[in-house]
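Working notes for the structure below.
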Ligand code: AHR
């Protein structure tokens, strides 16, 4: 018999954190490895549409439900010449991509990507190159993309077949500019000045845009904290969001620490919020700056040989991590962390979308399938819309070497304002015990019944592959019912769970 532990939480609509910004469920398409070429785009594929984009992948992207797609990088953008990717395809140059030591054929560029993203139901989030380029290239790109016509760049767009402006609202001022690996790496002071002046010029072209300034590449950077403070002192009133990036992986056999990744994400978000609010106070700014967690995921970086060991291939197989049940549970817990901070995290991008550390995999000329991580993401994106309720689970904890003592159960709840239905997302980090989670719903007497889906498996290392694409999928468990103001859901050991509570009438 699997041992049983107990945990509890209370749902009360009086304690709401924030409305979920749908842009919390974004993803990321970088010109890296096989994300674009043989990922979203493969003109010779049986399912390709008239523009060369794969139909089978597009179907999965729509199912994943990603309201925002960041593009075209990532490290790639810091060496990118966006003008290479416009106009007749046969005239576009093949370039050395210094970020990933690959060949970039430029067969997909701003026009194709933006048009495709909109067809996927996604808004593009465009990064500009502040590595090898700067203000001029950035303001020209805004003019090309967003100005209606009658100028050099907007008329060029029209001649290239895009009569209406793309209307790209979200823009990133470079990528990971604090990282020594970044082409055109800068000190905080150098980046802060460039970001500020680029922001001003881009907004002069289109005042309606929203801007994301680069925070640290990750929280272990030696400049973390100071970087954000220096950059924000210079740009606070010029930008709308500061970025965060974080990747998680299991180190050695320490699965307990890996399962605590959400606790680390909580701490990271809260540290960046503190820095933003410090700069706000010290600079007497009235607005409150929000966060764009525009790269996050599980990534087994220890397995990546490093850029220097690559060899200028076309669409190389780079970081095509195959995700397990444990990885999916961690991804689910990271989504819970993002939702628990929905008052300040307004944008987030699961990095990346296809093949490159991605929820969707595809083979050239072959099938496309859902990785294990696809499921918690798609279900949270679909059902985690509305108002996030503050929930504070009580229950058992366990000790980790990385994050100290962490709760066994992490959870959040989202209430649909129209139907009143509440969706509870919960992760049981225990590797050997089920947890009976008592949910006090006395403040929501209309909640009577609920369905329970869970992702777990007797083999925590099980994965989905081209041959067994549905080896791991969420399973429907017994429905739950309210009794004496409490709903009890039993969370299997090492599981991600979604419990949808509604009225008896449905
Ligand atoms: O997503 C892969 C890479 O990770 C991105 O190019 C970079 O921004 C980050 O370091």
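Bridge orientation summary for the chain: considering DSSP beta bridges with both residues in this region, about 55 percent are antiparallel. With the simple model of a label 7 Å out from the Cα in the direction of the Cβ, residue 443 to residue 394 spans 1.5 nm. Most tightly packed first, judged by the mean number of other beta-carbon atoms within 10 Å of their residues, the peptides 134-142, 489-497 read 489-497, 134-142. Here the peptides 371-383, 161-173 are ranked by packing, the mean other Cβ count within 10 Å, and the order with the highest first is 371-383, 161-173. Any chance you could check the Cα centroid distance between segment 436-506 and segment 288-323 for me, in angstrom? Here the answer is 32 Å between Cα centres.
What translational D, rounded to a whole number of µm²/s, comes out for segment 129-187 from Stokes-Einstein when the hydrodynamic radius is the Kirkwood one over Cα pairs, at 10 °C and 1.306 mPa s?
Working: Rh = 12.7 Å.
Translational D for this selection: 125 µm²/s.
In terms of the mean number of neighbouring beta-carbon atoms within 10 Å, the peptides 438-450, 90-102, 319-331 order highest first as 319-331, 438-450, 90-102.
The modelled label-to-label distance between residue 309 and residue 282, using points 7 Å beyond Cα along the C-beta direction, is 4.1 nm. Compute the separation of the alpha-carbon centres of segment 150-191 and segment 356-426 and state it in Å as a whole number. Taking the Cα centre of segment 356-426 as reference, the centre of segment 150-191 is 32 Å away. The slack between residue 488 and residue 59, meaning 0.36 nm per residue of separation minus the straight C-alpha distance, is 150.9 nm. For segment 238-348, the Cα-based Rg and Dmax, in that order, read 17.1, 51 Å. Cβ-Cβ distance of residue 119 and residue 233, R₀ of 56 Å, FRET efficiency by 1/(1 + (r/R0)^6): the value works out to about 0.85.
Per DSSP H run of n ≥ 4, the term is -39500 (n - 2.57); total these for the chain, divide by its residue number, and report the mean residue ellipticity at 222 nm rounded to 500 deg cm²/dmol.
-7500 deg cm²/dmol
With a simple spin-label model that places each label point 7 Å from the Cα along the Cα-to-Cβ direction, the separation between residue 476 and residue 402 comes to 3.5 nm.
The angle separating the long axis of helix 55-64 from the principal Cα axis of greatest extent in the chain is about 50 degrees.
What do you get for the angle between helix 135-146 and the principal long axis of the chain? Use alpha-carbon atoms, 0 to 90 degrees, nearest ten. Tilt of helix 135-146: around 70 degrees. With only the Cα atoms considered, segment 310-394 has a convex hull volume of 136 Å³ per residue. Here the average projected area of the convex hull drawn through the C-alpha atoms of the chain stands at 23.7 nm². Computed from Cα positions, the angle between helix 188-205 and the longest principal axis of the chain comes to roughly 80 degrees. By its C-alpha gyration tensor, with a ≥ b ≥ c as the square roots of the eigenvalues, how is segment 368-419 shaped: rounded for a/c under 1.5, else prolate for a/b larger than b/c, else oblate? Cα axes put segment 368-419 in the oblate bin.
Taking all C-alpha pairs of segment 51-148, those more than 17 Å from each other amount to 56 percent.
No value in this document is a laboratory result; all are computed from the given coordinates. What you are looking at is a predicted structure, and each value in this text was computed from that prediction instead of being measured. Please note: Cβ atoms are built from the backbone with ideal geometry, for glycine as well, and neighbour counts cover all protein chains shown.
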